[in-house]
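See below for the structure under consideration.
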Amino acid sequence: MAERKRYPKNNKEVIKSYGKHFIDEDDIKSVVKTLRSDFLTQGPTVRKFEEEIAKYCGVKYVVAVSSGTSALHIAYITAGLKKGDEVITTPNTFVATTNMLIALGVKLVFCDIRLDTKNIDESKIEKLITKKTKAIVPVHFAGHPCEMESILKIAKKYKLKVIEDACHSLGGEYKKKKIGSLKSDMTIFSFHPVKNIAMGEGGVVCTNDKKNYERLLKLRSHGIEKDKKGYNSMVELGYNYRITDIQTALGLSQLKKLNKFVSKRKKLADLYKEELRDERNIILPEEFKNSKSAWHIFVIQVKNPKYRDELIKFLNKNGVGTNIHYPNVYSHAFYKKNGYGNTKLENADLYHKTCITIPLHYQMEEVHVVFISKLIKDFFKHVK
Ligand SMILES: *Cc1c(COP(=O)(O)O)cnc(C)c1O
């Protein structure tokens, strides 16, 4: 025990940031092999990557694109979202989730969050539905799955589309089903380096619907398809959201380590919970029952918001990187200017004032978790 708690002096680098990718020699070899091949941009490796994601998640079709954000964009277009439609979503997310809806002229309807998982509160969705509501966009915050059964039931009752922003939850499971394989219309993952696997930039849309799949392929590449004679024909406004063979070569090699990545994250998260169990000044994250979190981030909350910024400063001063996930979307300057500034949601507003993301990633060891936990406990010894 004493040995485990000894902190290796020269190893503080890995906790300078709340999240970090992990690249090994196999990853490097995989990319170099592609550089020596005939394909740089969209070629056979992109296709292979899509197949492997489909297999991993248990979904029929996967379209790989340049980022999670572009994946959201073409998924929203494919869902038929347009100017004047309303979409119900969570304020506790990265702005990309909502930015791409704003880009289509969609009106956002923010639903409050649950205080346990900090995900959209499914029990509050139904009363937000109007004649203009077209879709629900749940986000599996921190990797913890949303209550998808209820969400999909509501969607079915009111004929709404469901697009899961699963950027945090690659490798997670909802009631024994992999995230990506549920009965939503589409599910999005991101492969930005802080996410569970890294590709530099990259994203995918997963779907079980062939029509969605075909439309996504078109939108990824300028809205161009082959006509009956086999000639290129641009049939709708599309984009260049293609991803390269270089990036997906890295993705393929990272995917082989995904289970290892997720189980290490879970192990470290469990240790945080054990180390901080008796610290009464904080609230620990909870895993959703019958589900498996992908543990993208580890967020603690201070019970008294008054200590939040002080604790952040204290951790940073001691070499521990932190972050805030997330400022509520409606509190950003752009959203305030665009009519969302008066939004008030009790749980989301309270949560935001108390949250601190502390380091959790594959390169960390138990000693780091013990060290960070001890800092937190030390901090509260002094403020009491
Ligand atoms: C990272 C992230 C995105 C955007 O993904 P990029 O690949 O960075 O474009 C969207 N939504 C959430 C919840 C994210 O965490």
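The values are calculated or read from the model by the stated rules, or taken from the named source; none is laboratory data. Remember, predicted model here, so these are calculated numbers, not experimental data. FYI the Cβ positions are ideal-geometry reconstructions off the backbone, even for glycines, and counts take in every protein chain you see. Accessible surface areas use protein heavy atoms only, side chains included; no ligands, DNA or RNA. Shrake-Rupley method; radii C 1.70, N 1.55, O 1.52, S 1.80 Å.
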Subject >> Lone unmet requirement of (1) within 16 Å of the ligand (Cβ to nearest atom); (2) open to solvent by 10 Å² or more (accessible area, probe 1.4 Å); (3) in a loop (DSSP other than H, G, I, E, B); (4) closer than 27 Å to Lys260 by Cβ for Arg242 >> reply: (4)
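So in segment 194-211, with the set limited to residues that are surrounded by fewer than 20 Cβ atoms within 10 Å (Cβ to Cβ) and more than 9 Å from the ligand (Cβ to nearest atom), which one is modelled with the lowest pLDDT? Spell out how you get there, then give the answer.
Quick first cut of segment 194-211, residues surrounded by fewer than 20 Cβ atoms within 10 Å (Cβ to Cβ) only: 194, 200-201, 208-211.
If we keep only those that are more than 9 Å from the ligand (Cβ to nearest atom) as well, we get 200, 208-211.
On the way: Gly200: 94, Asn208: 98, Asp209: 98, Lys210: 98, Lys211: 98.
By that ranking, first place goes to Gly200.
Considering each of Lys264, Lys229 in turn, give the residue that is modelled with pLDDT of 95 or more and not acidic (Asp, Glu).
Numbers: Lys229 fails: modelled with pLDDT of 95 or more.
Sole residue among the options that is modelled with pLDDT of 95 or more and not acidic (Asp, Glu): Lys264.
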**OP:** Search segment 75-85 for residues being of a type outside the set (Gly, Ala, Ser) and open to solvent by 20 Å² or more (accessible area, probe 1.4 Å), and hand back the single one that is nearest to the ligand (Cβ to nearest atom).
**Re:** Ile77
Original post:
If Lys20 satisfies every condition in (1) open to solvent by 40 Å² or more (accessible area, probe 1.4 Å); (2) over 30 Å from Lys176 (Cα atoms); (3) touching a residue at least 24 places away in the same chain (Cβ under 8 Å) but one, which is the exception?
Top reply: (2)
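May I ask you to list the residues in segment 126-146 that are free of Cβ contacts under 8 Å to residues at least 12 places away in the same chain and within 19 Å of the chain's Cα centre (by Cα)? Explain how you work it out, then say what you get.
We begin by selecting, within segment 126-146, every residue free of Cβ contacts under 8 Å to residues at least 12 places away in the same chain; these are 127, 131.
Passing the criteria: none in range.
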Original post:
Which residues, taken from segment 292-341, are of a type in the set (Val, Ile, Thr) and over 25 Å from the mean Cα position of the chain (by Cα)?
Top reply: none
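Scan segment 284-296 and give yes if some residue there is at positive phi and open to solvent by less than 30 Å² (accessible area, probe 1.4 Å), otherwise no.
Pass one, segment 284-296, residues at positive phi: 290, 295.
Cutting the leftovers down to open to solvent by less than 30 Å² (accessible area, probe 1.4 Å) gives us 295.
Taking every residue of segment 284-296 in turn, at least one turns out to be at positive phi and open to solvent by less than 30 Å² (accessible area, probe 1.4 Å).
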**OP:** Answer with yes or no whether Leu104 is in a loop (DSSP other than H, G, I, E, B), farther than 22 Å from Leu284 by Cα and open to solvent by less than 20 Å² (accessible area, probe 1.4 Å).
**Re:** no
Original post:
What number of residues within segment 333-384 satisfy the criterion of being closer than 30 Å to Val262 by Cβ and open to solvent by less than 70 Å² (accessible area, probe 1.4 Å)?
Top reply: 27
Subject >> Every residue from segment 167-193 that is within 9 Å of the ligand (Cβ to nearest atom) and open to solvent by 30 Å² or more (accessible area, probe 1.4 Å) >> reply: His192
**OP:** Any chance you could count how many residues in segment 229-278 are more than 24 Å from Ala142 (Cα to Cα) and aromatic (Phe, Trp, Tyr)?
**Re:** 3
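Within segment 9-55, can you find the residues that are basic (Lys, Arg) and either in contact with a Pro (Cβ under 9 Å, 6 or more places away or on another chain) or outside any loop (DSSP other than H, G, I, E, B) (or both)?
From segment 9-55, those basic (Lys, Arg) are 9, 12, 16, 20, 29, 33, 36, 47-48, 55; that's our starting set.
Selection gives Lys9, Lys12, Lys16, Lys20, Lys29, Lys33, Arg47, Lys48, Lys55.
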Subject >> Pairs with Cβ under 6 Å, 6+ apart, first in segment 299-326 and part of a loop (DSSP other than H, G, I, E, B), second open to solvent by 50 Å² or more (accessible area, probe 1.4 Å) >> reply: Gly319/Lys12; Gly321/Lys16
Original post:
Are any of the residues in segment 249-263 open to solvent by 10 Å² or more (accessible area, probe 1.4 Å) and under 20 Å from Thr117 (Cα atoms)?
Top reply: yes
Original post:
Which pairs have Cβ atoms under 7 Å, sit 6 or more apart or on different chains, and link a residue in segment 185-197 that is acidic (Asp, Glu) to one that is more than 9 Å from the ligand (Cβ to nearest atom)?
Top reply: Asp185/Ala79; Asp185/Lys161; Asp185/Val162; Asp185/Ile163; Asp185/Thr207; Asp185/Asp209; Asp185/Asn212
**OP:** Output the strands (runs of 3 or more DSSP E) that fall wholly within segment 119-191 and possess 2 or more residues being more than 22 Å from Ala64 (Cβ to Cβ), or say none.
**Re:** 133-137
Original post:
Which one is nearest to the ligand (Cβ to nearest atom), of the residues in segment 212-233 that are of a type in the set (Lys, Arg) and closer than 25 Å to Val162 by Cα?
Top reply: Arg220
**OP:** Collect the residues in segment 55-74 that are more than 11 Å from the ligand (Cβ to nearest atom) and of a type in the set (A, V, I, L, M, F, W, C), keeping them in residue-number order.
**Re:** Cys57, Val59, Val62, Val63, Ala64, Ile74
Original post:
Considering Gly80, Gly43, Gly19, which residue is touching a helix residue (DSSP H, G or I) at 6+ places or on another chain (Cβ under 6 Å) and either of a type outside the set (Ser, Thr, Tyr) or under 30 Å from Ile312 (Cα atoms) (or both)?
Top reply: Gly43
Subject >> Pair list, Cβ < 6 Å and 6+ apart or interchain, from segment 147-162 residues that are open to solvent by 80 Å² or more (accessible area, probe 1.4 Å) to residues that are at pLDDT below 95 and not aliphatic (A, V, I, L, M) >> reply: none
